[in-house]
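Remarks on the structure that follows.
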Amino acid sequence: GVAKIMSKLFCTSSSPEAVELYEKALFAYCASQGSPLPYLEEALKLDGGFVLAHCMMGSIWLGVLKSPTDPDVVRHVEAVRELGSEVTERERAHVKALLANASGDLPGALDVWANILVHHPTDAFAVRNYFISCIMLGEFVKMRDCLSSSIPFWSEDTELYPHILGFYAFSLEENNQRDRAEELARRALSINKRVTWAYHALSGYCMYVRTCIYHVLYFHGCYIVLVWPINNCPPKLLSFQIIGPLTLPWNFDLRGVIKWL
């Protein structure tokens, strides 16, 4: 069967309940709020042939720097190899991207996600993978240009919209378009106060105008981000953030720790 997901696209699954769990995983994955893994594990128990769930699991394990030969990666890569012919063209493209990534060809995977977004600009899974991979490859111009093309297709009443806007704000900040980055980051936070990448964009802006600085520490398996004001500026950010051990430094789980006052 084919079921609707939050990005107004469709995915192939035999279980509506599995699709609901995938939606929750997709939100956690894109919004960096909690782990998507429990949702995906439950979804795959309900539908072991759920290709997008396998693709996301494979992407997550590769994203936490596991080797392509690690059993957690291999299990999902082999699953999509077998199932990839039974799904939609968009889902087959996600399979192609995962296989490229697992073979060490991240630039090739980036090209596949870019092509998905040409045809499906509201594919949140592709947006998030493209965004993070651009950071890993240092492709900040590509990141900005791709997001600028995708953003107009997102409806503001979509739950993930402010988080996608946060991605875009960060991409602008990385390309020295700081005033526009600040504007969009504040807009994202006016919709949802827990937009991780909007805070990141604002942190970069504040460092540029010398109102705050931050430093990243690693302690007992967690990353800790310290942020503090300088030059007698009024406090804008709470002083720290703890990031769980299953996330990368750029995959923040806010839980209300950092917030604008």
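The values are calculated or read from the model by the stated rules, or taken from the named source; none is laboratory data. No experiment lies behind these values; they were computed from the predicted model shown. With ideal geometry, Cβ positions are generated from the backbone for all residues, glycine too; neighbour counts draw on all protein chains shown. Ligands, DNA and RNA are excluded from the accessible area calculation, which covers all protein heavy atoms including side chains. Shrake-Rupley method; radii C 1.70, N 1.55, O 1.52, S 1.80 Å.
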Next on the checklist: For region 116-147, give me each residue that is without any contact (Cβ under 8 Å) to a residue 12 or more places away in the chain and charged (D, E, K, R).
Outcome noted: D145
Checklist entry - Does D145 satisfy the criteria of being open to solvent by 10 Å² or more (accessible area, probe 1.4 Å), farther than 27 Å from A97 by Cβ and either part of a helix (DSSP H, G or I) or out of contact with any strand residue (DSSP E or B) (no Cβ under 8 Å at 6 or more places or on another chain) (or both)? => result no
Next on the checklist: Tally up the residues in region 133-168 that are of a type in the set (S, T, N, Q), at pLDDT below 95 and within 15 Å of the chain's Cα centre (by Cα), please.
Outcome noted: 1
Next on the checklist: Among the residues that make up region 148-159, is at least one of them part of a helix (DSSP H, G or I), within 23 Å of D72 (Cα to Cα) and either open to solvent by less than 20 Å² (accessible area, probe 1.4 Å) or without any contact (Cβ under 8 Å) to a residue 60 or more places away in the chain (or both)?
Outcome noted: no
Checklist outcome for this item: Scanning region 15-55 residue by residue, the ones that are touching a Pro at 6+ places or on another chain (Cβ under 6 Å) and either touching a residue at least 40 places away in the same chain (Cβ under 8 Å) or open to solvent by 10 Å² or more (accessible area, probe 1.4 Å) (or both) total 1
Checklist entry - Is one or more of the residues making up region 98-107 in contact with a helix residue (DSSP H, G or I) (Cβ under 7 Å, 6 or more places away or on another chain), surrounded by 22 or more Cβ atoms within 10 Å (Cβ to Cβ) and under 20 Å from A18 (Cα atoms)? => result no
Next on the checklist: For region 64-89, give me the residue count where each residue is surrounded by fewer than 20 Cβ atoms within 10 Å (Cβ to Cβ) and assigned to a helix (DSSP H, G or I).
Outcome noted: 12
Next on the checklist: Restricting to region 121-142, count the residues that are of a type in the set (D, E, K, R) and assigned to a helix (DSSP H, G or I).
Outcome noted: 2
